[in-house]
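Colleague: My questions will all concern the structure given below.
The values are calculated or read from the model by the stated rules, or taken from the named source; none is laboratory data. Since we're looking at a predicted model, the values are computed, not measured. When we count neighbours, we look across all protein chains shown, and the Cβ atoms used for this are built from the backbone with ideal geometry, even at glycine. Heads up: the accessible areas ignore ligands, DNA and RNA and are worked out on the full protein's heavy atoms, side chains in. Shrake-Rupley method; radii C 1.70, N 1.55, O 1.52, S 1.80 Å.
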Amino acid sequence: MRITTGKYKNRNIAMPAGIRPTQGLVRKAVFDIVGNVQGLFFLDLFAGSGAVGIEAASRGAEEVVLVENNPAVIRALKENASCMLDTKYLVLPVDAGEAIKRFFKDGRRFDIVFLDPPYCRDMLKKTLQTIDAYDILTPIGLAIVQHSRRETLPENLGVLSLLRQKKYADTFLSI
């Protein structure tokens, strides 16, 4: 897998075993939806290989935080993230819920939160509820969720409102 555009274009991304990587078409769709990320603060929850966060950095994000708690994946994630030489980044090896609470406690807020939890494991709504409860989005921030078509999201979840959904085979992007 490779970074598709920006200053890190064509950089190879190592794919650790046991993850479901965000395909290039879906990554492109994320950034087509978001638009310009220049100067924004980007959080990649359930980061896996880090491809989405690195893509954000490649496109000019000010800072990228990659959260992943799978020990088998973290080594590859750190190796992949090391290509971001001129981007401020952090690899945080903790549970997504714990990370969100830590960000709130530290007063950290993000313009874009991308989350791609393991499909069909009841983590999707729980993580969105935690984001809602701990208010880590900036006032104009977006949460972008990659999920299976078998997982549905409500129109409203606390202060979060579903703006739009796009389907890509079995994958949905919900904003």
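Colleague: So Leu90 ticks every box in (1) within 14 Å of Ile13 (Cβ to Cβ); (2) outside any loop (DSSP other than H, G, I, E, B) but one. Which box is left unticked?
Modeller: Unmet for Leu90, out of (1) within 14 Å of Ile13 (Cβ to Cβ); (2) outside any loop (DSSP other than H, G, I, E, B): (1).
Colleague: Do we find that Leu115 is among the aliphatic types (A, V, I, L, M) and within 19 Å of Pro21 (Cα to Cα) in this structure?
Modeller: Spelling it out, Leu115 is indeed among the aliphatic types (A, V, I, L, M) and within 19 Å of Pro21 (Cα to Cα).
Colleague: So, Asn80, is that one of a type in the set (S, T, N, Q), in a helix (DSSP H, G or I) and farther than 28 Å from Pro139 by Cβ or not?
Modeller: yes
Colleague: Right, here's the next one. Looking only at region 46-66, which residues are part of a strand (DSSP E or B) and open to solvent by 10 Å² or more (accessible area, probe 1.4 Å)?
Modeller: Residue satisfying the conditions is Glu63 alone.
Colleague: Something else: For Gly6, are the conditions met, namely being small (Gly, Ala, Ser), in a loop (DSSP other than H, G, I, E, B) and over 15 Å from the mean Cα position of the chain (by Cα)?
Modeller: Yes; evaluated as a whole, the condition is true for this residue.
Colleague: Sort out which residues of region 83-114 are at pLDDT 95 or above and open to solvent by less than 10 Å² (accessible area, probe 1.4 Å), and write them in order of number.
Modeller: Within region 83-114, Ala96, Ala99, Ile100, Phe103, Phe110, Ile112, Val113, Phe114 qualify.
Colleague: Restricting attention to region 149-168, does a residue exist that is open to solvent by less than 90 Å² (accessible area, probe 1.4 Å), under 22 Å from Val30 (Cα atoms), at pLDDT 90 or above and among the charged types (D, E, K, R)?
Modeller: Yes, region 149-168 has at least one match.
Colleague: Okay, moving on. So which pairs qualify, if the first residue must be in region 1-20 and within 22 Å of Asp116 (Cα to Cα), the second must be assigned to a loop (DSSP other than H, G, I, E, B) and of a type in the set (Phe, Trp, Tyr), the Cβ gap must be under 8 Å, and the two must be at least 6 apart or on different chains?
Modeller: As it stands, the answer is Arg20/Tyr119, since those pairs meet every condition given.
Colleague: Within region 50-85, how many residues are among the hydroxyl-bearing types (Ser, Thr, Tyr) and at positive phi?
Modeller: Of the residues in that region, 0 qualify.
Colleague: Can you confirm whether region 137-149 contains a residue that is part of a helix (DSSP H, G or I) and closer than 22 Å to Leu40 by Cβ?
Modeller: No, region 137-149 has no match at all.
Colleague: For region 118-141: of the residues being touching an Asp or Glu at 6+ places or on another chain (Cβ under 9 Å) and open to solvent by less than 60 Å² (accessible area, probe 1.4 Å), which is modelled with the lowest pLDDT?
Modeller: Tyr119
Colleague: Can you find a residue in region 18-36 that is at pLDDT below 95 and among the acidic types (Asp, Glu)?
Modeller: yes
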